[in-house]
Amino acid sequence: MATAALAPSTGRKLRRVLETRTESRELEASLEALSEFYIDNSTQARRNLKSTIHSRSLSLINHFLHASLPAQLALDSVEEEVNALAECCDLIAKALSSCSEATGDIISTTERLKLDLEVTTQRQEIVSRFLRDYQLSNEEISALKEDELSENFFKALSHVQEIHANCKMLLRTHHQRAGLELMDMMAVYQEGAYERLCRWVQVECRRLGDADNPEVHELLKTAVHCLKERPVLFKYCAEEVANMRHHALFRRFISALTRGGPGGFPRPIEVHAHDPLRYVGDMLGWLHQALASERELVLALLDPDAVSDTGPTAQRFGKSTESESAKTESDVTFVLDRIFEGACRPFKVRVEQVLQSQPNLIISYKLSNTLEFYSYTISDLLGRETALCNTLWLLKDAAQQTFFDILKTRGDKLLRYPPLVAVDLSPPPPVREGVSLVLELMDTYNGMMVPASGKKPDFDPVICALLDPIVQMCEQAAEAHKSKGAIHSSRRSRASSDLGPNARESSPFDALLTKNNFNLTQNIDAPSRIFLINCLSAIQQPLVGHEIASKYLTSLGCLIETHMGVLVEKEAEAILKRCALWDKMPYVQNADDGQQTEAVGPLVELENMSSPILAECLRLFFGIVTGSEGSLPEFELMQVPRLRSDACVRVARALAEAYELIYEAVMDPRNHYPDPKSLMRHPTNQIRTILGI
């Protein structure tokens, strides 16, 4: 029964043991601790396991109690000390409570005094600000009254200006009386300071006049900048600078002309007075260099930008506006004009002496160009309406007038004594000389300097003034040669008419020629025309390729073409007159228009257009064309091959056109020529082939 009763409990235990999770960390730790004191795994030991565990726990507790006994004793002592401190704090609290009741009045008094101190401090700060914004310190008053100016003077003057501006704001409040009194006081300080500043600046400016290349120190720049607030005082100082530098520049210019530099280097400018171009160029170069240095000096004094924009002075007085810059530029121009006014007269006298010495043509032109270049250059630096610039422009005009006067004198001389026409109709020497001068002037013109604000002058007046008289001279020579040729032709005509019995018997055709007064000689106008064409070609060819002479080349080309047209026309007319065809051309032209047949009748019925007379005229024409009765003009004396061949071709073309008109008129059935083909033996294409066109 017992065994049966225990069986279920044992089974439950066994089942509980079997269900125990052996992989848990707690079980592992318990087993590791048990393995430390559970060594003997006997039956007795297993039975006593629980008591053994209890005994071990009791021993551990006893060990812990023995080990923590010193800590418990220390905590007991700390507890006693804390209790003592609590009793002391209670005593102190009681004492403080009694003291606070006694010092309450003192604390309230202290708070009230603290508020009064803050109010007093604020009032003191307001007074300090007022004194700073509306009063000068003793040091500043002393700086304004000291004889020697320093940076402190300008600081004090700037403070005076600030106070004066602040008083204007004070006038807008109810403190107007105080504002007026302070403004009057500051005005007194300000006027006195500006008067002292003006006198000091004038003294310093006089020192600048004693040196050739003075240095402007920063203090003087600041002083002049301050004086711009007083235009009248600033004008006095500017005039002082202008007068001092005026005398100094005049002395330096005379010294450079007569004595040269220190130690004789550079040499005096007047040493080169025999060389007009270098003499004038050296004077202009010296004036230009002096203008650059004087402008730099004056700008350093008067230009607001001369004072650094980041310096203390710029911060106190502010930067310049555009209107102030324009006013400063006007002041600079006024001062520089006054400085260089003294150098105008000696410079002008010397340049006029050079122009009166009658330099040659090339030098006169170079002088005019040099003066024009420096006129533009100095006008850019100094201004157009100044004494020096006016002098330069007047001298430039005088040099230009001298140049054109020389050209006019030269041209008048050529026209007064025109040369004789050479036998070979070649251009006379003045033509070659004139062209050579033109080419040299062109080289000078191409190499001349041009300022930034200017431009090269027009070259056409120069080339016209030089070459037009030469062309007129050639025309006069050609006209004289033509008149001379007409006289010789008239004499030969009279001589041939006085031959008497030795003269051959005249034919009816000769009588017809005499009746119509046709000239049997050559064209007397041709040599003159060829001479003119040779002269104009000699002028034209060297100028080809020069752009500045393009307009004149165009006019020369038109003139040559005009003479060529007249020459060709006259030569064709002379040939047709020799053939007695010239008087027949009006009838032929009218017949071609259909007017002759209707008004007069057929051409064959006219006296001058009968078949025998027309056949004789055409025979002479064919003889001239083929060369058996004379030759066509070849213009051998025309020196340009292109023009010579062109003239021959144009004469041949004119003759061919005249023959075509006659051919068409004769072949026209309305004119009733009995045998037109026998009369016109050569068709027009054959004549053109013979003439080479």
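Here, each number is a calculation from the coordinates, and none is a lab measurement. For clarity, every value in this text was computed on a predicted model and none was experimentally measured. Reconstructed Cβ throughout: ideal geometry from the backbone, glycine too, with neighbour counts over all protein chains shown.
Can you order the peptides 363-374, 554-565, 66-77, 609-620 by their average number of other Cβ atoms within 10 Å per residue, highest first?
Numbers: 363-374: 22.5, 554-565: 14.9, 66-77: 9.5, 609-620: 17.5.
Descending mean neighbour count gives 363-374, 609-620, 554-565, 66-77.
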*Label-point separation (nm) for Arg16 and Glu151, each offset 7 Å from Cα along Cα-to-Cβ?*
10.3
*Which aspartates and glutamates have a Cα lying under 18 Å from the Cα of Lys366, excluding residues fewer than 8 positions away in the same chain?*
Asp275, Asp282, Glu352, Asp397, Asp405, Glu440, Asp443, Asp458, Asp460
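Sort 109-116, 531-538, 296-303 by the packing proxy (mean of other Cβ within 10 Å over each peptide's residues), most packed first.
Going from most to least packed, we get 531-538, 296-303, 109-116.
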*Looking at Leu34, Asn48, Cys99, which one has the Cα that reaches farthest to the positive end of the dipole of the range 11-125 (charges on Cβ: Lys, Arg +1; Asp, Glu -1)?*
Asn48
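A 31 angstrom limit on the alpha carbon distance is what I want to check against. Which of Lys408/Lys570; Lys348/Lys456; Lys145/Lys221 exceed it? Intermediate results must be reported in sequence, preceding the final value.
On the way: Lys408/Lys570 35 Å; Lys348/Lys456 24 Å; Lys145/Lys221 20 Å.
Correct reply: Lys408/Lys570.
Sort the following peptides by mean Cβ neighbour count (other Cβ atoms within 10 Å, averaged over residues), highest first: 97-108, 472-483.
Details: 97-108: 9.2, 472-483: 18.5.
Packing proxy ranking, top to bottom: 472-483, 97-108.
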*Give the residues of the range 615-651 whose amide nitrogen is closer than 15 Å to a point set 7 Å from the Cα of Asp424 in the direction of its Cβ.*
636-641
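Please tell me the relative contact order of the range 231-416 in percent, rounded to the nearest whole number, where contacts are Cα pairs under 8 Å and at least six residues apart. Working shown, then result.
Numbers: 150 pairs, mean separation 43.2, N = 186.
Reported relative contact order: 23 percent.
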*Is the shape of the range 329-415 best called rounded, prolate or oblate, per the rule: a/c under 1.5 gives rounded, else a/b larger than b/c gives prolate, else oblate, with a ≥ b ≥ c the square roots of the Cα gyration tensor eigenvalues?*
prolate
_Run the simple label-point estimate for Asn62 and Val119 please: 7 Å along Cα→C-beta, distance reported in nm._
8.5
